[in-house]
Amino acid sequence: MTRLTPPQLILLIGLTARLTSSPVLMAQTNQTRDHNPITAALQPFVDRHELAGAVVLVADREKILSLDAVGAADLENARPMPTNALFWIASQSKPITASALMILVDEGKVGLDDPVAKYIPEFQDVWLAVDTSADHRFLKRPARPITVRDLLRHTSGLPFASVMERPTLDRLPLTIAAKSYAMTPLEFEPGSKYQYSNAGINTAGRIIEITSGQTYEEFLETRLFRPLGMSDTTFTPNAEQIGRLATSYKPGEGGKGLEKITVGQLSYPLDDPSREPMPAGGLFSTARDVGRFCQMILNRGEFEGRRYLSEAAVAEMTKKQTGDKIPEGYGLGWSTGGESFGHGGAFSTSMNIDSKTGMVTVFLVQHAGFPGDGGKSQGAFAEAARARFATKP
């Protein structure tokens, strides 16, 4: 009896699935796999064991143009990557949190230039570290208070995380997390520089709770996820969703091959109800769900006949908010280059919205680094998507 290798098993199972797929599922992709230029661009990375697997999506303002999967969701068990695979999207959670807060800005419940202390009193007693060494730290009051805008554009002076967020980032309720940030000395004067801060976005999540009267998760569920049909976007995946979770990998010994890992920032099991939501990076989602969120933003806050955000709110989020003296191009929860904006995640996930071409691209993988040229796979996907779908000037 011939023994099949894991790659051969993946191919065999994938072929069987294609032959037995329903017409509806087959219609999810724009072409058959053998003639699809997008999967053709990614398959060489899989063949060279530089990419375990990926789910990629291309959409315009109204519909999904292409939804494809390549490679394996689990190399060890030869499980092919399905198009509905679940991924930890990590910091892609930040634009979602910013969008949720901007709903409250639209409603007049939050002001972007309000001091954070207006909502969280502990921030009235914030200190700035001005001289720090291994054995001492001198503090003074900051020249101005931290604003809500500072939280969303990473100019608050808050560190990445507080000392209480150890060993993982998902154990503190937002009420306690926000207080721990207020107790932590600022690392620079608010507004004076850009420094990527989970603490800032998490604090914005706490403001959502205070001003909406709902928990952070409830607000996202009722105001974004459920109306948008994002049924697979969650902080705590259930057993069925965990069954669709893509395995995480890092480069193997000597930078060759792929080694299976867990997400070190999160505690396990992932369906443990005691895990806390992390506005800055805790969400799990699928390419379809992320695509729908991006389509809403591409349509300036409206999607399928329902308005979620004002056009002014979307414009505010997606323009450069860090000022002329700060080189980093960051809006409110979004990395931005002007007509093109998006966000990535810690395990190499990414979403991008190009308002000029009217195109959304979503690239979902679970890689803490890549062997060989695997890091070029996202660019290869983006180039193939543009060549196939971008509107010519």
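Computed from the coordinates by the stated procedures, all read-outs in this text should not be read as laboratory data. As the structure is a prediction and not an experimental result, all values here were calculated from the model. Methodologically, a virtual Cβ is constructed for each residue, glycine included, from the backbone with ideal geometry; neighbour enumeration extends over all protein chains shown.
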Of all trypsin sites (Lys or Arg not before Pro) in the stretch 239-269, the ones in DSSP coil with at most 12 other Cβ atoms within 10 Å are K256
Counting every C-alpha pair in the stretch 207-352, the percent lying more than 22 Å apart is 51
Applying 1/(1 + (r/R0)^6) with R0 = 22 Å to the Cβ-Cβ distance of S192 and E339, what FRET efficiency is obtained, to the nearest 0.05?
0.20
Amide H neighbours of E259 under 5 Å, at least 5 residues apart or on other chains, H built in the peptide plane: list them.
K250, G252
For the residue pair K376 and K325, what label-to-label distance in nm results when each label sits 7 Å from Cα along the Cα-to-beta-carbon direction?
4.1
Using the crude model of +1 on Lys and Arg Cβ and -1 on Asp and Glu Cβ, and no other charge, please compute the dipole size for the chain relative to its Cα centre, in debye to 20.
540
Whole-Hz couplings from phi, Karplus 6.51/-1.76/1.60, listed for the stretch 128-133; x for Gly and Pro
10, 7, 10, 8, 10, 9
Taking springs between alpha-carbon atoms closer than 10 angstrom, which of G375, G344, G305 fluctuates most in the Gaussian network model of the chain?
G305
Figure the gain on full extension for I210 and I242 (residue separation times 0.36 nm, minus the Cα-Cα span) and round it to one decimal in nm.
8.4 nm
How much FRET efficiency would the formula 1/(1 + (r/R0)^6) give for T83 and V163, where r is the Cβ-Cβ distance and R0 is 41 Å, rounded to 0.05?
0.50
Where Rh is the Kirkwood radius over the Cα pairs of the stretch 155-292, the temperature 37 °C and the viscosity 0.692 mPa s, what D in µm²/s does Stokes-Einstein return?
196
Charge dipole of the stretch 66-110 built from unit charges on the beta carbon (Lys, Arg +1; Asp, Glu -1), centred at mean Cα; most positive-end Cα among P82, L101, A69 is L101
Under the Karplus curve 6.51 cos²θ - 1.76 cosθ + 1.60, θ = phi - 60°, whole-Hz ³J(HN,Hα) for the stretch 160-166, x wherever Gly or Pro sits:
4, 8, 9, 5, 6, 8, 9
Beyond 34 Å, how much of the Cα-Cα pair distribution for the chain remains, as a whole percent?
30
A117 and Q43 label points (each 7 Å along its Cα→Cβ direction) are spaced in nm at 6.2
Which FRET efficiency, nearest 0.05, do D60 and E221 yield, Cβ-Cβ r, R0 22 Å?
0.25
Interchain or long-range residues, amide H under 5 Å from L65's placed H:
V58, A59, D60
How many percent of all Cα-Cα pairs in the stretch 94-217 sit more than 20 Å apart?
39
Taking the Cα centre of the stretch 94-217 as origin and charging only Cβ (+1 Lys, Arg; -1 Asp, Glu), how large is the dipole, in debye to the nearest 20?
140
In order through the stretch 279-295: 3J(HN,Hα) via Karplus (6.51 cos²θ - 1.76 cosθ + 1.60), integer Hz, x for Gly, Pro:
x, 7, x, x, 7, 10, 6, 10, 4, 4, 5, 4, x, 5, 4, 5, 4
If the only charges are +1 at each Lys and Arg Cβ and -1 at each Asp and Glu Cβ, what is the size of the charge dipole of the stretch 182-321 around the Cα centre, to the nearest 20 debye?
460
What range in the chain is the longest one free of GluC sites (Glu not before Pro) that are in a loop by DSSP and have at most 13 other Cβ atoms within 10 angstrom?
108-303
